[in-house]
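To keep things clear, I will list the structure first and then write my remarks on it.
Each value in this text was obtained by applying a stated rule to the coordinates, not by laboratory testing. The model shown is predicted, which means the values in this text are computed figures rather than measured ones. With ideal geometry, Cβ positions are generated from the backbone for all residues, glycine too; neighbour counts draw on all protein chains shown.
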Amino acid sequence: MGIIPARLGSTRFPGKMLASETGRPLVLHTLEAAQKSARLERVVVATDDDGIASAVRGAGGEAVMTSASHPNGSSRLAEAADVLGLADDAVVVNVQGDEPEIDPGLIDLAVDALVGSGADVATVGSPFGAGQDPADPNIVKVVVDCRGRALYFSRSLVPFDRDGGGSEAGPLKHVGLYVYRAGFLRRYVGLAETPLERTERLEQLRVLEHGHTIAVAVAEAHHVGIDTPEQYAAFVARWLASAGR
């Protein structure tokens, strides 16, 4: 099942989950996109805000209330899994609430990567698109081994082409989509923070530093998350154009 962690607070874009310039809140766009996944039979929004929950339920969606004190989305997911009574072997997909244009096919690939690999977690890596700078520290990179499992995630440009002749191991941008079994999700949130996690400010490094595995499905990903009012305005423009308005 899919769980969308959605909190109202946001440093760079306060209240973004309920931004409604398209005629419906941002979180509903993400919910509708996730519901198109062939691998998800159920999608639930996990939130600490009554307004978000009301918007979701008012549109016929499902929402569960969670604590306002969670340090990250994974922690909120774990509480939601408990509230929903999910068995340890249940497959849980963490869909970021601020990604209204996520391709449902990427969700399917990530689920298949988890089920087919025996890894503890699955995610997605994508080749860089035109105009995207692999050296941009705001774009997280992932390095993958020969089995399709993550070796490392970094804000730096990795791998580094020392000789400058072009590398067959080109950089992959990390798509922040995670798939776990509920049992591992519960274990993960109990793990201590790790040095690399704190250094890079990337919580997925906690998985690797504690010796667990992350399978990486590689596919083209063109969607972008909504972190700022400017990015939201660009999304609204695209949405209005696609709707023929």
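Observations on the model:
- The charge dipole of the range 16-90, taken about its Cα centre with unit charges on the Cβ atoms of Lys, Arg (+1), Asp and Glu (-1) only, comes to about 320 debye.
- Here the Karplus relation 6.51 cos²θ - 1.76 cosθ + 1.60, evaluated at θ = phi - 60°, turns the backbone of the range 225-237 into coupling constants of x, 9, 10, 9, x, 5, 5, 5, 4, 5, 4, 4, 4 Hz, with x for every Gly and Pro.
- In this structure, Ala233 and Thr199 have a Cβ-Cβ separation that, at R0 = 41 Å, corresponds to a calculated FRET efficiency of about 0.80.
- Modelled FRET efficiency - R0 22 Å, Ala192 with Arg12, Cβ distances, 0.05 increments: 0.20
- In a simple Cβ point-charge model (Lys, Arg +1; Asp, Glu -1; nothing else charged), the chain has a dipole of about 160 debye relative to its Cα centre.
- For the range 203-233, the residues whose amide N sits under 16 Å from a probe point set 7 Å from the Cα of Leu240 along the beta carbon direction are 229-233.
- Amide H contacts under 5 Å for Ala90: Ala182, Gly183, restricted to partners 5 or more places along the chain or on a different chain, H placed in the peptide plane at 1.01 Å from N.
- Computed [θ] at 222 nm, deg cm²/dmol, the chain (DSSP H ≥ 4; -39,500 (n - 2.57); rounded to nearest 500): -9000 deg cm²/dmol
- For Glu62, the amide hydrogen comes within under 5 Å of the amide hydrogens of Val45, counting only partners 5 or more places away or on other chains and with H modelled in the peptide plane.
- Annotation: extensible slack from Ala135 through Glu21 equals 37.8 nm (criterion: 0.36 nm per residue apart, minus Cα-Cα distance).
- Each residue of the range 42-55 was assigned a 3J(HN,Hα) from its phi angle through the Karplus curve 6.51 cos²θ - 1.76 cosθ + 1.60 (θ = phi - 60°); the sequence is 8, 10, 10, 8, 9, 9, 10, 10, 4, x, 5, 4, 5, 5 Hz, with glycine and proline shown as x.
- Computed from phi, the 3J(HN,Hα) profile of the range 127-138 under the Karplus parametrisation 6.51, -1.76, 1.60 (θ = phi - 60°) reads x, 6, x, 4, x, 8, 9, x, 7, 5, x, 7 Hz, with x in place of Gly and Pro.
- Relative contact order (%) - criterion: Cα under 8 Å, at least six apart; region: the chain: 22 percent
- Label-point separation, Glu32 to His212 (7 Å along Cα→Cβ), nm: 3.4 nm
- DSSP beta bridges confined to the chain are antiparallel in about 50 percent of cases.
- Surrounding net charge for Val45, when Lys and Arg each add one and Asp and Glu each subtract one, Cβ distance under 15 Å: -2
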